[in-house]
Amino acid sequence: MWFGACTSSIGTWMQIVAQGWLIYRLSHSAFLLALDQFLGGIPIFLFSLIGGVVADRVERRKILLGSQYVQMATAAALTILVATGLVHVWHILCLSFISGFAQAFGGPAYQALIPTLVEKEDMPNAIALNSIQFNVAVMVGPALAGQTLAKLGEKWCFGLNALSFLAPIISLSIITARFLPVKTTESMFTSLKEGIRFTRKQSSMEALIVLAFCMTALAMPMRTYIPVFVKDIFHRGPETYGNLLSLMGLGSILGSLGIASAGNMRKKGLVALAALICLGAGISAFALSKSLPFSGVVLVLVGASMMAVFATVSSLVQLITTNEMRGRVMSVYNFAFRGGMPMGNLLSGWLVPLFTAPVVLSVNGFLLVLLALYFLLVQRRLAAL
């Protein structure tokens, strides 16, 4: 399962790099870069709550298989469009939306499946190690994409991504773990309300949800606009783009290893807020940098701190949640965590043409620091976890 997820993630990151480069090459529009991210993320924002209810009612392995098939089909379609020279930006945007729709159902099912594979006391380690496979892909995928883009073109990145989905499909087909949902006669809307009610009853869950939304809304636009920095500020090509994303992935692996080695540590809330301060400072430093080597070093810090926040907050949500409510609660978390991405990208897509990418991203970093200080000094429920 780990190998299948890692292989698929590498392919996905190859496509992300190639897709961002292709859109900017075709349009030279920072807004369309952001719009692509928005359309890929908005289905998750709209449908992940329903996806969580489905994950508590249907065998989760089957949901994941369906999600993988749809994502493989969108990658294959994009490969054909690019190879035949028929591709237009609107094709890419539509396929991003379809892929995001599949992830809206696959994401809650995947997150809810993890606890069925490990004991509760091993949950923080499992989540961190799962993050490592994702971030191995973040490091390896962009580096491969940069080389493939420069030597073979975008179609090879999309084609290899389509093939990479075979690994998780095979893994899911042979996995022995099963989730047998409890039969219920209540409506999906009633189940959804129960998940939201459970979230609101937990003393710290609401704070975690708010933090997840604000964090992704302010942090993720930086990754979206790396092609702008590469082409317009550093005047480099796709290899540099891939290398910068790989350095960010290297930092993410270091952050994941740090969280995994700490095990079931105390004061997870304080760790998350300290990492959030480092994340905000790193984003502002990258936005204002004119030096490529310095930017690469900063991206390692950004990747490490970003993953430390993600893994710690996700661990806290999983530990607070009961198994029978896990799909719904994780969908609420996914709704906030993934929903912040399209909203942040949409807002930045409007602001960047007005104020430039360095200005917008530096303000985002500053706001992340203020957010962490608010939870650290004023609203202390998170700091007490």
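I'd like to check which helices (runs of 4 or more DSSP H) are fully inside segment 216-326 and have at least 1 residues that are more than 23 Å from PRO342 (Cα to Cα) and open to solvent by 10 Å² or more (accessible area, probe 1.4 Å).
238-262, 268-288, 292-320
Looking only at helices (runs of 4 or more DSSP H) that lie completely in segment 1-104, which have at least 3 residues being modelled with pLDDT of 90 or more and out of contact with any Phe, Trp or Tyr (no Cβ under 8 Å at 6 or more places or on another chain)?
Those helices (runs of 4 or more DSSP H) span 60-83.
Could you please let me know if ILE209 is among the β-branched types (Val, Ile, Thr), surrounded by 14 or more Cβ atoms within 10 Å (Cβ to Cβ) and at pLDDT below 75?
No, not satisfied.
Among the residues of segment 37-55, is any over 19 Å from the mean Cα position of the chain (by Cα), of a type outside the set (Val, Ile, Thr) and surrounded by fewer than 21 Cβ atoms within 10 Å (Cβ to Cβ)?
Taking every residue of segment 37-55 in turn, none turns out to be over 19 Å from the mean Cα position of the chain (by Cα), of a type outside the set (Val, Ile, Thr) and surrounded by fewer than 21 Cβ atoms within 10 Å (Cβ to Cβ).
The values are calculated or read from the model by the stated rules, or taken from the named source; none is laboratory data. These figures come from a predicted structure and were not determined experimentally. No Cβ is skipped: glycine too gets one built from the backbone with ideal geometry, and neighbour counts run over all protein chains shown. Heads up: the accessible areas ignore ligands, DNA and RNA and are worked out on the full protein's heavy atoms, side chains in. Shrake-Rupley method; radii C 1.70, N 1.55, O 1.52, S 1.80 Å.
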